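A.B. asks: Please see the structure below; I have some questions.
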Amino acid sequence: MTENDSIRIVPLAERPSLIPRLYEINDSWPVFTHHEPVAGALLSRVPVEFPQYCVAATDGDRVVARGFSVPFNAELDGREKMPDQGWDRVLVWAFQDRQFGHAPTVASALEISVDLDYLGRGLSYRMLAALRQAVGRQGHDALLAPVRPTAKHLAPRVPMTEYLRRRRDDGLPADPWVRVHVKAGGTIEKVAPASMTVSGSLAQWRQWTGLPFDRDGAVEVPGALTPVHCDTAHDHAVYVEPNVWIRHGVGPGTA
């Protein structure tokens, strides 16, 4: 546990009573991401099944941030440490490995969400450090992360590889969330071009976004990192989100 003023960060294995309250946080995830099928099926089970890999921040009785990670085996046939299908793939692998008893070889972060009222206080850095400590206590030497760049939605038509080349005058990444990871010692490894996928009928996309979805082709949607592909003839639209694999070294037994 760490403390800074009234904010405490603790592994969920130490305070499982917080698990039902993790989604009280007022976060900034776009509505359409709530309809991502892998997340819908598995994400809420992560803190229950892997509490030693998850952390929460509280301010008094209020839950103000959550951080999830999962272990998986990257050495089985057809697997790798940083798959192109990023977030979706490692989440599925984690639950497959738990079901079939495969020993994990690496850990991947899934999410760090901070309540909007608590942004700008350095809590993101502390949550990332807490996740690194959590996986270190489980014996891992690295925390991987399929990172969702928080400002990429402002440049949805820019390829992720090009976006990552954008730098500030001090040489650090222009994207705020990628910059947090790099300043914390993370190294950018590769792009995960198909990290998350959300598909639906045009009626569903209209409901989720308030946009007409009445023309074929690329539709820019607020909060989306790339355009959504609209196909009016077949009455569906598909969003494929790229993320960025970042690696953090950690030490076993990190306190």
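The values are calculated or read from the model by the stated rules, or taken from the named source; none is laboratory data. The model shown is predicted, which means the values in this text are computed figures rather than measured ones. Virtual Cβ from ideal backbone geometry, glycine too; neighbours counted across all protein chains shown. Quick note on the areas: whole protein, heavy atoms, side chains included, nothing else; ligands and nucleic acids left out. Shrake-Rupley method; radii C 1.70, N 1.55, O 1.52, S 1.80 Å.
A.B. asks: Please go through (1) more than 22 Å from ILE188 (Cα to Cα); (2) touching a Pro at 6+ places or on another chain (Cβ under 8 Å); (3) surrounded by 22 or more Cβ atoms within 10 Å (Cβ to Cβ) for VAL228 and return the number of the only condition it doesn't satisfy.
C.D. replies: Among (1) more than 22 Å from ILE188 (Cα to Cα); (2) touching a Pro at 6+ places or on another chain (Cβ under 8 Å); (3) surrounded by 22 or more Cβ atoms within 10 Å (Cβ to Cβ), the lone unmet condition for VAL228 is (2).
A.B. asks: Condition test on SER17, is it open to solvent by 10 Å² or more (accessible area, probe 1.4 Å), farther than 21 Å from LEU116 by Cβ and out of contact with any helix residue (DSSP H, G or I) (no Cβ under 9 Å at 6 or more places or on another chain)?
C.D. replies: Yes; evaluated as a whole, the condition is true for this residue.
A.B. asks: To continue, here is another question. Scan the range 96-103 and give yes if some residue there is in a loop (DSSP other than H, G, I, E, B) and under 26 Å from VAL221 (Cβ atoms), otherwise no.
C.D. replies: No, that holds for no residue.
A.B. asks: Mind telling me which of the residues LEU202, LEU123, LEU154 ends up being farther than 30 Å from PRO71 by Cβ, buried (at least 18 other Cβ atoms within 10 Å of the Cβ) and out of contact with any helix residue (DSSP H, G or I) (no Cβ under 9 Å at 6 or more places or on another chain)?
C.D. replies: Going through LEU202, LEU123, LEU154 in turn, just one is farther than 30 Å from PRO71 by Cβ, buried (at least 18 other Cβ atoms within 10 Å of the Cβ) and out of contact with any helix residue (DSSP H, G or I) (no Cβ under 9 Å at 6 or more places or on another chain): LEU202.
A.B. asks: Does ALA74 qualify as being more than 19 Å from ALA184 (Cβ to Cβ), among the aliphatic types (A, V, I, L, M), open to solvent by less than 20 Å² (accessible area, probe 1.4 Å) and in contact with a Ser or Thr (Cβ under 7 Å, 6 or more places away or on another chain)?
C.D. replies: yes
A.B. asks: I need the full set of residues from the range 138-151 which are over 15 Å from ARG247 (Cα atoms) and surrounded by fewer than 16 Cβ atoms within 10 Å (Cβ to Cβ), in order please.
C.D. replies: Matches in the range 138-151: GLY139 only.
A.B. asks: Also, I was wondering about something else. Which of the residues spanning the range 153-190 are in contact (Cβ under 8 Å) with a residue 60 or more places away in the chain and part of a strand (DSSP E or B)?
C.D. replies: Those that are in contact (Cβ under 8 Å) with a residue 60 or more places away in the chain and part of a strand (DSSP E or B): THR187, GLU189, LYS190.
A.B. asks: May I pose another question? Given the conditions (1) open to solvent by less than 50 Å² (accessible area, probe 1.4 Å); (2) closer than 27 Å to GLY223 by Cβ; (3) modelled with pLDDT of 95 or more; (4) touching a helix residue (DSSP H, G or I) at 6+ places or on another chain (Cβ under 9 Å), report the number of the one that HIS35 does not fulfil.
C.D. replies: All conditions are met except number (1).
A.B. asks: Is there any pair with a first residue in the range 97-112 that is touching a residue at least 24 places away in the same chain (Cβ under 8 Å) and a second that is open to solvent by less than 50 Å² (accessible area, probe 1.4 Å) and assigned to a helix (DSSP H, G or I) whose Cβ atoms are under 6 Å apart and which are 6 or more apart or on different chains, and what are they?
C.D. replies: Listed by first residue and then by second, the contacts come to ALA107/VAL135; SER108/VAL90; ALA109/LEU131; ILE112/MET127.
A.B. asks: Can I ask one more? Pairs, please: C-beta under 6 Å, at least 6 apart or cross-chain, first residue farther than 10 Å from TYR239 by Cα and in the range 196-211, second acidic (Asp, Glu) and open to solvent by 50 Å² or more (accessible area, probe 1.4 Å)?
C.D. replies: These pairs meet every condition: SER201/ASP235; LEU202/ASP235.
A.B. asks: Follow-up question, since we're still on this one. Does GLU3 qualify as being modelled with pLDDT under 95, farther than 25 Å from GLY223 by Cβ and not small (Gly, Ala, Ser)?
C.D. replies: So GLU3 passes the test.
A.B. asks: Related question: Got a number for residues in the range 224-255 being on the phi > 0 side of the Ramachandran plot and modelled with pLDDT of 95 or more?
C.D. replies: 1
A.B. asks: Something else about it: Does the range 195-222 hold any residues that are closer than 23 Å to GLY86 by Cα and touching a Ser or Thr at 6+ places or on another chain (Cβ under 8 Å), and which are they?
C.D. replies: MET196, VAL198, VAL221, PRO222
A.B. asks: Does VAL135 meet the test of being surrounded by 13 or more Cβ atoms within 10 Å (Cβ to Cβ), outside any helix (DSSP H, G or I) and modelled with pLDDT of 95 or more?
C.D. replies: no
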